[in-house]
Each structure stands twice: as C-alpha cells, then as structure tokens.
Amino acid sequence: MVTAVRPFFTYASHERILVAKVREYDYTTACGVCGSLLSLSQAVDIPSAVMLMKRTVPEFKSKNSPYEQYDLRIERERQAAGQQPS
C-alpha cells in the first residue's frame, strides 16, 4: 500500500525548520522498485532510472538540468491518470 501525504513537509515554529510526513510503501513494491533501479543502474540506463525515481518519489524534481523534461512527462502522465499533481 502506498500512502501519499500532501504536503510532504510542513513548517514547524520557524519557516526554515521543516517537519517531514511519513509515506508508507508496501514492502514487495519497494523491493521491486529497488530491484528495477539496480538493474537499470547496472545497464547504465540513466533516463529510465531517473524516470523510475521520479515516478516513485514525487518530490524528486530536477532544476536546471536535462532531466526537467521528465518532470513534465510525469506530470502529464499523472494528469491523464486523474491523479493530483505533485
């Protein structure tokens, strides 16, 4: 079971202090993702590994890098599936 909590971080008593929210992952699913990442890294398939990380962890955003294009693709996939944007 994957449980997403939005926002992932909340502010504590000071704006620069963040409190993390917990997201639970099903053990079997998490192991499958880890195994896929391992295989992709051994095959040096960087684009696929980045896409898998972005699908798994919505907060994994790229800034000023060639991987920003993947963020846009993931957002379009989520919108097409009727999910909330991250």
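R0 = 25 Å: FRET efficiency of L52 with L18, Cβ-based, nearest 0.05? Intermediate results must be reported in sequence, preceding the final value.
Values: r = 26 Å, r/R0 = 1.02.
After rounding to 0.05, the efficiency reads 0.45.
Could you give the length gained on full extension between N64 and S36, defined as 0.36 nm per residue of separation minus the Cα-Cα distance, in nm? Don't skip to the answer; put the middle values down first.
Values: separation 28, 0.36 × 28 = 10.08 nm, distance 2.62 nm.
Length difference between fully extended and current span is 7.5 nm.
A short reminder: the numbers here are calculations on the coordinates, not readings from a lab. For clarity, every value in this text was computed on a predicted model and none was experimentally measured. Please note: Cβ atoms are built from the backbone with ideal geometry, for glycine as well, and neighbour counts cover all protein chains shown.
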